[in-house]
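This report refers to the structure that appears directly beneath it.
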Amino acid sequence: MTVMSEGLLKKEQRRARTMGIVFLVFAAAMLGLFLPGTNSVQETTFAFNLGNAWAIPNLVFPTQIGLFILTAVAAFLGAWQLARGFKNVNLVLGIVAGVFVLAFLAWAARGKSMNLTGMLQSTFLRAMPILLAALSGVMCERSAVINIGIEGMMLSGCFMAALIGSVTHSVWGGLIGALLAGGLMGALLAVLAIRYKVDQIIAGTAINILATGLTSYFSSAFLQKNGALNSPPTFNPIPIPLLAKLPIIGPAFFNETLPVYLAVLLVIVIHVMLFYTPWGLRTRAVGEHPRAADTLGVNVIKTRYINVILGGMVAGLSGAYTVLSSVARFDELMTAGKGFIGLAAMIFGKWSPFGALGASLIFGFADSLQTKLAILAVPIPSQFLLMAPYLVTMIVLAGLVGGAVAPAADGKAYEKE
């Protein structure tokens, strides 16, 4: 056995022990944090019925017994990991994290009722703007352009969706306006970063500042003084026949508005285009080895322009969703950092569309959770609940950014020889 293979083996063994300890820490946390706040007569009710879906019975169980069982599951997995080890430790980590979340929900809903289908739906909807922001980042960074300006592109999309939608009294007008606004901001980033080779972080930051200033000024100057300019129509939910009737998943996934379906469709389309088409091959080549791609006849500059502008339009769609499927008005700084959370989801998802979807659902769950806990009057300060999505962002970046590898040429300007 070589020295290198011995080193890798020791590294894997250390990681296996570390993960086993992590699983046991989860079990200890459930035992120490949740069980002391319960008694033997309390029950937790998880409801599953929502809307017109086919009804199923609620799940009712004694809180303490449920917490004991969940703690035992986490402890068993931790002990097994230390003693024997699992082949797919990442999958087991996800299971343990899910068990911990389930225990937390059981503790939070003790003596009360929590509708898990409603929470699943809220998680899905709150993940949508983050998902679209992450997909915008994937489009740009796969061609080696860092897009810090997603927040500004989303905000511009929000403003134009509200304004154009209100003026035309049409959701389609608002949607097109948002896409154009996002594309225009993407084109501005492309010109700064590709043509003039401005530092891409600075260029993206400038776009965020520009979008914040412009939207805030025009909002205070026009929209706040004339409510008719800030009253756009909204998309109606489109239930998918039969699928919308399914318990739990029907109301959450198959009774949504058009922008939601477009976001999910974009995940599939971008994945196929990136990994199964000549365009995707050229894009990934430009992001990894632009000089080699240029030598083989790929137009590096054109490819980057197209990807950044399309990425801006995807960010604009995120703004359209926020206004035309959610709040039906524009408010200053209404994106509230979701563009930056989308960048974290992109990194967490390793620059892939389906990875971004999974990461966005985690952030969407954190956002949904703080709202649900506030309704249940859980004895946690409201300030901490509001911080939940951003805390998850920092934890993910601190724990995973070192293990995620960006495209090799990411952030590097290209000079054609």
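Couple of notes before you dig in:
- The stretch 10-52, residues that are part of a helix (DSSP H, G or I) and charged (D, E, K, R): 10, 11, 12, 14, 15, 17
- Check on residue 364, free of Cβ contacts under 8 Å to residues at least 40 places away in the same chain and not β-branched (Val, Ile, Thr): no
- One residue from 246, 265, 242 being in contact (Cβ under 8 Å) with a residue 60 or more places away in the chain and surrounded by fewer than 20 Cβ atoms within 10 Å (Cβ to Cβ): 246
- Flag not set for residue 91, criterion: surrounded by 15 or more Cβ atoms within 10 Å (Cβ to Cβ), assigned to a helix (DSSP H, G or I) and of a type in the set (A, V, I, L, M).
- Here residue 376 clears all of (1) in contact with a strand residue (DSSP E or B) (Cβ under 8 Å, 6 or more places away or on another chain); (2) surrounded by 19 or more Cβ atoms within 10 Å (Cβ to Cβ) except the condition numbered (2).
- So residue 62, is it more than 24 Å from residue 269 (Cα to Cα) and in contact with an Asp or Glu (Cβ under 9 Å, 6 or more places away or on another chain): yes
- Condition met for residue 191 (under 24 Å from residue 221 (Cβ atoms) and out of contact with any helix residue (DSSP H, G or I) (no Cβ under 6 Å at 6 or more places or on another chain)): no
- The number of residues in the stretch 259-292 being farther than 23 Å from residue 358 by Cβ and among the basic types (Lys, Arg) comes to 2.
- Top-ranked residue of the stretch 208-233 - restricted to ones that are of a type in the set (S, T, N, Q) and surrounded by 17 or more Cβ atoms within 10 Å (Cβ to Cβ), ranked as nearest to residue 340 (Cα to Cα): 208
- The criterion of at least 3 residues that are assigned by TED's automatic domain parsing to the domain that holds residue 226 and within 30 Å of residue 52 (Cβ to Cβ) is met, among helices (runs of 4 or more DSSP H) falling completely within the stretch 97-206, by 116-141, 171-190.
- Restricted to the stretch 292-305, and to residues there that are without any contact (Cβ under 8 Å) to a residue 12 or more places away in the chain and of a type outside the set (A, V, I, L, M, F, W, C), the residue that is surrounded by the fewest Cβ atoms within 10 Å (Cβ to Cβ) is 297.
- Residue ID - nearest to residue 45 (Cα to Cα), chosen from residues in the stretch 86-100 that are among the aliphatic types (A, V, I, L, M) and in contact (Cβ under 8 Å) with a residue 40 or more places away in the chain: 99
- Qualifying position, being modelled with pLDDT of 95 or more and within 23 Å of the chain's Cα centre (by Cα), among 173, 183: 183
- Residue count, the stretch 255-302 (criterion: out of contact with any helix residue (DSSP H, G or I) (no Cβ under 9 Å at 6 or more places or on another chain) and assigned to a helix (DSSP H, G or I)): 7
The values are calculated or read from the model by the stated rules, or taken from the named source; none is laboratory data. As the structure is a prediction and not an experimental result, all values here were calculated from the model. Note that we place each Cβ from the backbone using ideal geometry, even for glycine, and neighbour counts take in every protein chain shown.
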